[in-house]
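Bear in mind that the values in this text are calculations on the coordinates, not laboratory data. Because the structure is a prediction, the values reported are computed rather than measured. Neighbour counts run over all protein chains shown; Cβ positions are idealised from the backbone, glycine included.
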Amino acid sequence: MNKNDIVNEIANRAQLSKADAARALDATVETITQALKKGDDIRLVGFGTFHIAQRKATQGRNPRTGEVIQIAAARLPKFKAGKGLKDAVAR
């Protein structure tokens with residue numbers, strides 16, 4: 001399912017125009033992105049939680065040359081599914 005498919009589903013289920021559904025989806029994604037950039041968690045009860053995880057700097061190897069390289073520390077977005085989503089998918 002891609003963004004266009006999601007917009008169509010939102011429009012049908014919420015009885016919105018496709019343009020309104022697209023704006024709502026864009027606003028939702030932007031809100032989640034901005035909250036994560038600030039370091040906030042987003043908890044959607046029954047669906048799941050978006051949060052930021054810290055990855056420490058580490059050493060790795062270039063598989064082509066075998067050279068040791070430094071892999072920088074990073075902040076990564078993570079999603080943990082909630083019970084409602086897990087139960088719905090398991091059925």
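Structure values in brief
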quantity	calculated
The chain, dipole about Cα centre (Lys/Arg Cβ +1, Asp/Glu Cβ -1), debye to the nearest 20	400
Rg/Rh for the chain, where both radii come from Cα atoms and Rh is the Kirkwood radius	1.15
Cross-link partners of LYS18 among aspartates and glutamates (Cα-Cα below 19 Å; sequence separation of 8 or more within a chain)	ASP5, GLU9, ASP26, GLU30
Extension gain from ARG64 to ALA81, taking 0.36 nm per residue of separation minus the Cα-Cα distance	2.5 nm
Formal net charge of residues neighbouring ALA22 (Cβ-Cβ distance under 13 Å; K, R +1; D, E -1)	-2
Degrees between helix 18-38 axis and first principal axis of the chain (Cα, 0 to 90, nearest 10)	40
Net charge dipole size for region 41-91 [Lys, Arg +1 and Asp, Glu -1 on Cβ; Debye, nearest 20]	100
From phi via Karplus (6.51, -1.76, 1.60), per-residue ³J(HN,Hα) for region 59-69 in Hz, x at Gly/Pro	9, x, 10, 6, x, 7, 9, x, 5, 6, 10
Pairs beyond 27 Å (Cα-Cα), from LYS3/LYS56; LYS3/LYS86; LYS56/LYS86; LYS3/LYS38	LYS3/LYS56; LYS56/LYS86
